[in-house]
Amino acid sequence: MTLQVSLNDVGMVEVVRCFPEYAADHLEGALAQAAGSGDLDLARTLLDFGASPDHSSSSPLGLAARAGHLEMVRLLIARGATVDLLDSRSRTPLTLAVNASHTEVALELIAAGAELNTEYETFAPAVLSTASRKGLAEVVRAMLAAGASAAHVGRDDNTALHEASRAGHV
């Protein structure tokens, strides 16, 4: 007998509790979906049943960061998620949060020790340059205070100051 359950179904938390053998085979994928949708109750239950916050190829922390789910980001970090775990496209959760302009999530990741001087993908700017270009002044200040390099020159030969200036934020 095959059990078909959608995360959109009411009572998914109860399904996981009642069918632990089903949950054991699907914990990480379910956690990734819960993280991306911001379902804290389900994420807590899955983590309690042993889901790894780092197991999925689509990082649950990255999915939560990209979607702007601050409380989910806090939960995953508290449960041991690797703050700089790369997703399948080699992006960090901080990069995803900054790309989506989620200031509070980005600040939480910075406070948790996220790597600040990384580049991802081919031809992509460093995350400080992206934050500068998007006008995320609070994130830029926090990154600089935490040790990000203002002099870092990205693959496009621009510094964060160049990016901020080109976008009209200086």
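What FRET efficiency comes out for the pair PHE49/SER90, r = Cβ-Cβ distance, R0 = 41 Å, nearest 0.05?
Details: r = 29 Å, r/R0 = 0.72.
Computed FRET efficiency for PHE49 and SER90: 0.90.
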Per-residue HN-Hα couplings for region 66-71 [Karplus 6.51, -1.76, 1.60; θ = phi - 60°; Hz; x = Gly/Pro]: 4, 7, x, 8, 4, 5
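For LEU144 and ALA100 in one chain, what is 0.36 nm times their gap in residues minus the Cα-Cα distance, to one decimal in nm? Mind showing how you got there, number by number?
Details: separation 44, 0.36 × 44 = 15.84 nm, distance 1.96 nm.
Additional length available on full extension: 13.9 nm.
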Ranked order, ILE110, ILE77 - accessible area, probe 1.4 Å, largest first: ILE77, ILE110
Sorted peptide list for 128-135, 84-91, 58-65, criterion being average Cβ within 10 angstrom, highest first: 58-65, 128-135, 84-91
In Å², nearest 10: area of ASP41 left accessible to a 1.4 Å probe: 100
Shape category assigned to region 55-117 from the gyration tensor of Cα positions, a/c cut at 1.5: rounded
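The values are calculated or read from the model by the stated rules, or taken from the named source; none is laboratory data. This is a predicted model, so every value here is computed, not measured. In this analysis, Cβ positions are derived from the backbone assuming ideal geometry, glycine residues included, and neighbour counts consider all displayed protein chains. The accessibility values were calculated without ligands, DNA or RNA, using every heavy atom of the protein model including side chains. Shrake-Rupley method; radii C 1.70, N 1.55, O 1.52, S 1.80 Å.
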